[in-house]
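Chemist: First the structure, which I've put down as structure tokens, then a few questions once you've had a look.
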Amino acid sequence: MTQPTIAITSGEPAGIGPDIVLGALQASFDAKLVVVGDPGVFSERAKALGIPAQIRTLSSLEALPPHQPGTVQIWPTALGETVQAGTLNVANAPYVLETLRITGQGCLDGVFDAVVTPPVHKGVLCETGEHFSGHTEFFQHLCNSPQVVMMLASQAMRVALVTTHLPLKDIAAAITPETLKTVARALHQDLKTRFGCDQPRILVCGLNPHAGEDGHLGREEIDVIIPTLNELRSEGLTLIGPLPADTLFQQKYLEEADCVLAMYHDQGLPVLKYSGFGNAVNITLGLPIIRTSVDHGTALDLAGTGKASDGSLKVAIENAITMANNAQKSI
Ligand SMILES: NC(=O)c1ccc[n+]([C@@H]2O[C@H](COP(=O)([O-])OP(=O)(O)OC[C@H]3O[C@@H](n4cnc5c(N)ncnc54)[C@H](O)[C@@H]3O)[C@@H](O)[C@H]2O)c1
Ligand SMILES: N[C@H](C(=O)O)[C@H](O)COP(=O)(O)O
């Protein structure tokens, strides 16, 4: 089997993206790794952090050597303005978006086998006038994918979301039978093909407190969720629930399931992050490409201090390598 080529974006350059890339690439990985970003950002940050990185600017993506610990191979992309660690600068937002376009398109074109994304700052990207709610939606648009699913995985659990980055006030209306069906089918399919679950068992959260308390605390379970889950069961999906989300995250339920399906971002992710912050991976399902990411944000307060953990990035790179190898085996 040939080693996969994994692209790693630079993330928000004023955040901890460069720090964790430099830290993580001190480790060994069984892959060819290409960082897409500005070489100057990485050499400056390596100097500030005292990391002995060998920065190598690439002029071609052909005949890449396997990753060597401590070496950072960079496919250069020009920054807007000089970076000050910890201070956002909208002039560098187009650079961040460009690294996503290059890597996403590179995966679609077969130049890269997967893309791993350190964190970006959604707010500063939106200041360019382009609405950016997340990598998940960015890659969905780039790949023209009808439905994507955000899934985070730690040692303890996998949590997928029906809705991604939506204001809370819009969530109930977004949970339609159609959305629930396409998300559940995409999750079922990817749990089988990408994660080796022969008959995936999915634990489904209700939307309302106590899963609606028989309609007294909200009707979405009765009107939408229960009938849709029954329809999906008749297609052969194994779905448990809807269960009240406050008590679903306990061992007796989790150990019988391959994944939790939460209705919205802050219903599922706080539990996962509480149990495994810094060591979990964010995986976008439903794309024609492989994309993984970290479980944390830009942590502007830690950029350039040496205090940021690179644990989640290492897990994200390992997962991307495993998924790329599995994809190669299935051809
Ligand atoms: N994958 C991504 O691109 C991604 C993921 C989450 C959040 N974000 C974005 O990041 C920005 C900042 O978000 P936030 O402040 O809510 O969350 P954050 O994760 O940046 O910070 C939350 C807290 O966790 C700490 N922290 C974060 N990462 C850490 C690490 N690797 N090691 C040690 N401590 C760490 C920070 O110091 C802070 O105290 C927002 O724009 C958000 O949208 C991006
Ligand atoms: N929802 C993610 C989290 O909380 O970790 C984060 O916002 C990143 O999302 P994207 O992968 O879509 O950027």
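The values are calculated or read from the model by the stated rules, or taken from the named source; none is laboratory data. Everything numeric in this text was worked out from a predicted model, so none of it was measured. Heads up, the Cβs are rebuilt from the backbone with ideal geometry, glycines too, and the neighbour counts pull from every protein chain shown. All accessible areas refer to the heavy atoms of the entire protein, side chains included, with ligands and DNA or RNA removed. Shrake-Rupley method; radii C 1.70, N 1.55, O 1.52, S 1.80 Å.
Chemist: Using Cα positions and a limit of under 28 Å, work out the lysines in reach of residue 273, with same-chain residues fewer than 8 apart set aside.
Modeler: 122, 169, 181, 192, 252, 307, 314
Chemist: A further question follows. With the full set of protein chains in place, find how many percent of the accessible area of the chain is carbon and sulfur; take the probe as 1.4 Å.
Modeler: Here it works out to 50 percent.
Chemist: On full extension of the chain, what length is gained from residue 328 through residue 156, given 0.36 nm per residue of separation minus the C-alpha to C-alpha distance?
Modeler: Result: 59.2 nm gained on full extension.
Chemist: Expected output is a single nm value to one decimal: the length gained when fully extending between residue 101 and residue 193, i.e. 0.36 nm times separation in residues minus the C-alpha distance. What is it?
Modeler: 30.5 nm
Chemist: Before anything else, pin down the relative contact order of the range 1-138: Cα pairs under 8 Å, at least 6 apart, normalised by residue count, whole percent.
Modeler: 33
Chemist: Within the chain, what's the longest run with no GluC sites (Glu not before Pro) in a DSSP loop and at most 11 other beta-carbon atoms within 10 Å? Give the range, please.
Modeler: After excluding every exposed loop site, the longest remaining stretch is 131-234.
Chemist: Another question, then. Please list the non-local residues whose amide H lies under 5 Å from the amide H of residue 165, H modeled 1.01 Å from N, same-chain partners needing a gap of 5 or more.
Modeler: none
Chemist: Looking at the calculated P(r) for the range 102-142, what percent of the C-alpha pair distances fall above 13 Å?
Modeler: Counting pairs separated by more than 13 Å, the tail of P(r) holds 58 percent.
Chemist: When the Kirkwood radius is taken over all Cα pairs of the chain, what Stokes-Einstein diffusion coefficient follows at 37 °C and 0.692 mPa s, in µm²/s?
Modeler: Working: Rh = 20.5 Å.
Stokes-Einstein gives a translational diffusion coefficient of 160 µm²/s.
Chemist: Give me the accessible area per residue for the range 148-285, probe 1.4 Å, as a whole number in Å².
Modeler: Heavy-atom SASA per residue in the range 148-285 reads 45 Å².
Chemist: Which residues does a label at residue 127 reach in the range 1-39, if reach means a backbone N under 13 Å from a point 7 Å past the Cα toward the Cβ?
Modeler: What the label zone holds, given the 13 Å backbone N cut-off, is 13-15.
Chemist: Using only the alpha carbons of the range 99-201, determine the length spanned along each of the three principal axes and report them from longest to shortest in whole angstroms.
Modeler: Result, largest extent first: 42, 39, 28 Å.
Chemist: Now for a separate question. Below 8 Å between Cα atoms, with a sequence gap of 6+, how large is the relative contact order for the range 148-285 in percent?
Modeler: 42
Chemist: Beyond 24 Å, what percent of the Cα pairs of the range 148-285 remain?
Modeler: When every Cα pair of the range 148-285 is considered, 21 percent fall beyond 24 Å.
Chemist: Expected output is a single nm value to one decimal: the length gained when fully extending between residue 214 and residue 48, i.e. 0.36 nm times separation in residues minus the C-alpha distance. What is it?
Modeler: 53.9 nm
Chemist: Taking just the alpha carbons, could you work out the radius of gyration and Dmax for the range 18-119, both in angstroms?
Modeler: Cα-based Rg and Dmax for the range 18-119 come out at 13.4, 37 Å.
Chemist: If you don't mind, there's one more thing I want to ask. Name all residues of the range 26-40 having a backbone nitrogen under 19 Å from the label point set 7 Å from the Cα of residue 2 along its Cα→Cβ direction, giving them as ranges.
Modeler: Under cut-off, by backbone N: 30-35.
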